[in-house]
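*Asks:* Mind having a look at this structure? Questions to follow.
A short reminder: the numbers here are calculations on the coordinates, not readings from a lab. Source: prediction; values computed, not measured. Every residue, glycine among them, receives a Cβ derived from its backbone with ideal geometry; neighbour counts consider all protein chains shown.
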Amino acid sequence: MKHIEILIVGGGPAGLCAAISAAQSGAKVMLVERHDHLGGQLIKQTHMFFGSEKQYAGTRGIDISTILTDEIANSENIEVLNNATVLAIYEDGVITLEQNHKYIKVKPERVIIATGASEKSLAFPNNDMPGIYGAGAVQTLMNIHGVKPGHNVLMVGAGNIGLIVSYQLMQAGVNVKAILDASPKIGGYLVHASKIRRMGIPILTRHTVLKADGKDSLEHATVVELDERWQPIPGSEKEFDVDVMCVSVGLSPLSELLFQAGCEMKMVREFGGYVPLRTEHLRTTNPQIYIAGDVGGIEEASSAMVEGHLAGLAAAKSIGYEHPEFERVYVDYNEQLEALRAGHAGDHIRAGMSKALIKEASC
Amino acid sequence: MLETTGIPSLEQVNSSFPSMERLMQGPVAIVECFQRIPCNPCATSCKRGAIVPFEDINDLPNIKHETCNGCSLCVFNCPGLAIMVIDYTYSETEVTFKIPYEFIPLPSEGDFVQGLDREGQYLCDVKVLKVQNTKAMDRTPVITLAVDKAYLKTFRNIKVVK
Ligand SMILES: Cc1cc2nc3c(=O)[nH]c(=O)nc-3n(C[C@H](O)[C@H](O)[C@H](O)COP(=O)(O)OP(=O)(O)OC[C@H]3O[C@@H](n4cnc5c(N)ncnc54)[C@H](O)[C@@H]3O)c2cc1C
Ligand code: SF4
Ligand code: SF4
């Protein structure tokens, strides 16, 4: 069995930054990614990112991915395994993975889980009809494979993902008929909402999908307005002739591996589902295991990167590799994280954190 | 209104415009960013400090219109595409708008394209004066348009039909 110092599961922004910081500290790192390319969600993001310069704000997600993967390629301490899926974590700390039909067993001293999130679905009649996609799938089709998902789209969900994917669909020459959201207010950033609205796309808050219809695939969607108590208003039904419905109603952390590893988990609504309890050093109740990014609570790539650096530094230090400037960089990353979460947009993150954070001593 | 439809109110639009006195002095940036979000490239890209450096990354942009010279750096650096530069002194009857535009086909100089308002509704045809798409703009081209002064507060977007 292969001995590894730090194993990182997931090559998104959190995993990439964890690898960079752990390797800079001097630890030998193995980075495992189930796809054939690194970057996670970043490689689908053709828009300029928010945040501050330290998290590459103003740079497009895809270009941030290139900056980080170049840094990984130049590090002697990082071994990358692409097309490799971590399957299980056992009680004795052994981890199994599958790569090109080969079953591999490793025993790392520390593991950083950075598996990201999966999309939530929405229940309505015929929601499994061809033409109904998650927003992530639509983005993968368009921005990775260069395939148009259809001609006329109804977007369900006015969070940042729904708004951004609508914009990208319009850029690809696809017609977005409307964006719906059940809540009374637009959840995503209003600058995104305004730039879509001024292209003539209506944003219908307090609306939801009643049903989908079509012969072999989606042809019509019926939507309905909701009252203050979120109940459908009779007679307010509207029909949209669309061949694509794109569902973007939130993400939930991909935390199965953490359940397996016996980490204490908690349902935290603000974080999108079950997340592990963690110390301020991002260590779970299983002392071998750290977390970073969306798996610990749905947030942003900017904070995922900062958490990745923090987890990488802390995990390396816990096995005797202290970054040459540990104090300075650790404080700096913590300040960045605090600043990102300080505003109104970070209200729910701070609320979630107060439920998921534990003291170092209890692990 | 903005929070439920994405359309800023007239008061919000008015609040982001400089005084007529400043408009008469030439190009100036209009920043339409009304929500506290963790974002600051407008301030960090402005070399003149006209967008006052943020204390907190969630600050709303605070632009000193007297210090701004309309250089347009912020126009293509803002990820929210929330900024445009207008020159009220362009001619007796027309004002120019520099807006970010991330769609293909790009218009060509001399074309007439559809001018749209903040709801995406057609206002009038507008003339394309300039199309800038330099490396520094990093795939957010900036289009300069001549627009009738009557649409000063309503013009916001274009549609290119080729
Ligand atoms: C449309 C859209 C727009 C966005 N816009 C912005 C924005 O403007 N600014 C911003 O800051 N954020 C934005 N985000 C959010 C951002 O993309 C995510 O918060 C961020 O990618 C989370 O990083 P992560 O590393 O935790 O997860 P991910 O990026 O999801 O990466 C997780 C990786 O783990 C891999 N993986 C999962 N399970 C396994 C396993 N068992 N074995 C091996 N590998 C595994 C996955 O393949 C994936 O590559 C956007 C997201 C979307 C969808
Ligand atoms: S136009 Fe130039 S000077 Fe004016 S705010 Fe923008 S970057 Fe600053
Ligand atoms: S860069 Fe644009 S979206 Fe970001 S704060 Fe400045 S004006 Fe608002």
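*Asks:* Starting from the Cα of residue B:69, step 7 Å along the direction of its Cβ; do the same at residue A:335; then give the gap between the two resulting points in nm.
*Replies:* So the label points at residue B:69 and residue A:335 sit 3.2 nm apart.
*Asks:* What list of ³J(HN,Hα) values in whole Hz, one per residue of the stretch A:327-338 in order, does the Karplus curve 6.51 cos²θ - 1.76 cosθ + 1.60 (θ = phi - 60°) give from phi, with Gly and Pro shown as x?
*Replies:* 3, 4, 5, 5, 5, 4, 5, 5, 5, 4, 5, 4
*Asks:* Select from A:60, A:110, A:328 the residue whose mean-square fluctuation is largest in a Gaussian network model of chain A (Cα-Cα springs shorter than 10 Å).
*Replies:* Greatest mean-square fluctuation among the candidates belongs to A:328.
*Asks:* Of the GluC sites (Glu not before Pro) in the stretch B:96-141, which ones lie in a loop per DSSP and count no more than 13 other C-beta atoms within 10 Å?
*Replies:* Filter output for the stretch B:96-141: B:109.
*Asks:* Can you show me the helix-derived [θ] at 222 nm for chain B, built from DSSP H runs with n ≥ 4 at -39,500 (n - 2.57) apiece and divided by the number of residues, rounded to the nearest 500.
*Replies:* Helix contribution divided over all residues of chain B: -3000 deg cm²/dmol.
*Asks:* Evaluate 2.2 N^0.38 Å with N set to the residue count of the stretch A:139-282, then give the Cα radius of gyration divided by it.
*Replies:* 1.22
*Asks:* Let me ask you something else. Enter the mean number of other protein chain beta carbons within 10 Å of the beta carbon of each residue in B:56-66, as an integer.
*Replies:* 2
*Asks:* Sorted by average packing, counted as other Cβ atoms within 10 angstrom per residue and highest first, what order do A:343-355, A:30-42 take?
*Replies:* A:30-42, A:343-355
*Asks:* May I ask you to evaluate 6.51 cos²θ - 1.76 cosθ + 1.60, the Karplus curve with θ = phi - 60°, for each residue of the stretch A:24-41 and list the ³J(HN,Hα) values in order in whole Hz, giving x for glycine and proline?
*Replies:* With coefficients 6.51, -1.76 and 1.60, one gets 5, 6, x, 7, 8, 10, 10, 10, 10, 9, 6, 8, 7, 9, 7, x, x, 4 Hz.
*Asks:* If I model a spin label at residue B:92 and residue B:47 as a point 7 Å from the Cα along the Cα→Cβ vector, what separation in nanometres do I get?
*Replies:* 3.6 nm
*Asks:* The protein assembly as shown: percent of C-alpha pairs farther apart than 45 Å?
*Replies:* In whole percent, the share of Cα-Cα pairs in the protein assembly as shown beyond 45 Å is 18.
*Asks:* May I pose another question? How big is the stretch B:2-161 along each principal axis, measuring the range of its Cα positions in Å and listing the largest first?
*Replies:* Largest first, the stretch B:2-161 extends 43, 35, 34 Å along its Cα principal axes.
*Asks:* Something else: Counting only pairs 8 or more residues apart or on different chains, how many lysine pairs in the stretch B:2-161 have their Cα atoms under 17 Å apart?
*Replies:* Lysine pairs meeting the criterion: 9.
*Asks:* Summing -39500 (n - 2.57) over the DSSP H runs of n ≥ 4 in chain A and dividing by its residue number, what mean residue ellipticity at 222 nm do you reach, to the nearest 500 deg cm²/dmol?
*Replies:* Taken over chain A, the calculation gives -8000 deg cm²/dmol.
*Asks:* Okay, moving on. Residue by residue through the stretch B:3-9, which ³J(HN,Hα) values in whole Hz follow from phi under the Karplus form 6.51 cos²θ - 1.76 cosθ + 1.60 (θ = phi - 60°), with glycine and proline marked x?
*Replies:* The phi angles translate into 6, 10, 10, x, 9, x, 6 Hz.
*Asks:* Anyone know which of A:298, A:67, A:43 comes out most mobile in the 10 Å Cα GNM of chain A?
*Replies:* Top of the fluctuation ranking is A:67.
*Asks:* Tell me which residues come under 5 Å, amide H to amide H, from residue A:52 once H is placed; ignore anything under 5 positions away on its chain.
*Replies:* Those qualifying (amide H under 5 Å, at least 5 residues apart or on another chain) are A:57.
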